[in-house]
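For reference, the structure discussed in these notes is given below.
The values are calculated or read from the model by the stated rules, or taken from the named source; none is laboratory data. Since we're looking at a predicted model, the values are computed, not measured. Here Cβ is always computed from backbone atoms with ideal geometry, including for glycine, and neighbour counts include all displayed protein chains.
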Amino acid sequence: MSEANELLKNLSAKIEKATGEFNAKAEEALKEAQRVGGLSDETKASVDKMMTELNALRESEKTLKASLGELEQHVAQMPLGNAVQAAKSIGQQVISADVLKDINSSIQASKRISVPVQAALTSVDVAEGVVEPHRLPGIDVAPKQRLFIRDLIAPGKTTSPAIFWVQQTGFTNAAAVAPENTTKPYSNIQFATKITPVTTIAHMFKASKQILDDFAQLQSLVDAEMRYGLKFVEEQEILFGDGSGAHLHGIIPQASKFKAEFEVDKQNGIDDLR
């Protein structure tokens with residue numbers, strides 16, 4: 001902030017100096033016009049150049065003042081909590097919920113005993129502190145499968161426990177050339193009414209007193225593990241759900257069986273590529 005103020009101060013000084021020089025030059029040009037009845041090309045070019053430079057300095061001053069004003073407003077709002085809030089993830093919404101804070105404050109915490117863990121050296125001839133363990137940051141977690149099937153399907157919303165929809169079940173195309181004075185053929189389209197129940201996919205976990213105290217860890221757990229678990233099961237239902245009970249009717253079970261048009265007695269990988 002101090003550097004910006006210093007820059008603004010120097011810029012204002014340059015503007016003041018340029019304004020004085022321009023006014024002096026304007027007076028000289030006015031006297032010249034009164035004396036000879038007009039301005040020379042050299043005087044016009046000099047005045048135009050000084051005017052352009054002065055306007056550029058004034059525009060720079062306006063831009064700098066606007067930037068400083070926005071910065072000062074942002075800094076002034078920070079202590080009052082009026083800064084623009086970023087979009088919260090699911091984990092952030094969980095840890096900021098008032099219900100969780102009430103649960104955490106209502107638990108009677110016992111006295112804590114801190115037991116420091118020190119490196120144990122079994123070699124008697126090694127001085128203490130010579131060999132230090134190397135601690136890697138973070139947690140080594142299992143790799144996760146990439147889930148993207150849901151992103152390929154247009155989402156929708158409903159307030160009902162079931163969704164009724166119409167599906168085209170068949171189409172007989174009888175379109176043909178119709179000569180004059182002949183009966184035109186009829187095509188046939190079949191539709192069927194379908195009903196799809198709304199299915200809930202959910203899971204819970206038990207949170208200890210320690211994880212309730214560590215809100216950052218709780219947020220990471222919800223965002224990384226629990227949300228991934230929901231998306232994984234959701235993708236399995238979309239693809240392979242058998243439609244029984246509360247399960248979805250997946251894409252693969254209701255798809256028509258593949259009919260191989262090319263069959264040979266001893267088929268190999270090259271035949272599959274064909």
Worksheet, complete the sentence: Log entry, pairs with first residue in region 139-163 being farther than 30 Å from residue 216 by Cβ and surrounded by fewer than 10 Cβ atoms within 10 Å (Cβ to Cβ), second being among the aromatic types (Phe, Trp, Tyr) and modelled with pLDDT of 85 or more, beta carbons closer than 6 Å, six or more apart or on different chains, reads none
Worksheet entry | Where residue 105 falls short, out of the listed (1) modelled with pLDDT under 55; (2) under 21 Å from residue 212 (Cα atoms); (3) over 31 Å from the mean Cα position of the chain (by Cα) | (1)
Worksheet item: Checking residue 178 against (1) surrounded by 10 or more Cβ atoms within 10 Å (Cβ to Cβ); (2) within 30 Å of residue 233 (Cβ to Cβ), which single condition isn't satisfied?
Response: (2)
Practice prompt. Kindly indicate whether any position in region 218-229 is basic (Lys, Arg) and modelled with pLDDT of 85 or more.
Written response: yes
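Quick grid of which residues meet (1) hydrophobic (A, V, I, L, M, F, W, C); (2) at pLDDT 55 or above:
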| site | (1), (2) |
| --- | --- |
| 109 | yes, no |
| 115 | yes, no |
| 118 | no, no |
| 121 | yes, no |
| 127 | yes, yes |
| 139 | yes, yes |
| 154 | yes, yes |
| 167 | no, yes |
| 170 | no, yes |
Fill in: residue 192 farther than 30 Å from residue 229 by Cβ, in a strand (DSSP E or B) and either of a type in the set (Gly, Ala, Ser) or in contact with a His (Cβ under 8 Å, 6 or more places away or on another chain) (or both)
yes
Worksheet entry | Hey, residue 225 under 16 Å from residue 149 (Cα atoms), under 31 Å from the mean Cα position of the chain (by Cα) and of a type in the set (Asp, Glu) or not | no
Worksheet, complete the sentence: Checked pairs for region 251-262, first surrounded by 10 or more Cβ atoms within 10 Å (Cβ to Cβ), second at pLDDT 80 or above and among the charged types (D, E, K, R), C-beta under 6 Å and 6 or more apart or across chains, list as 253/242
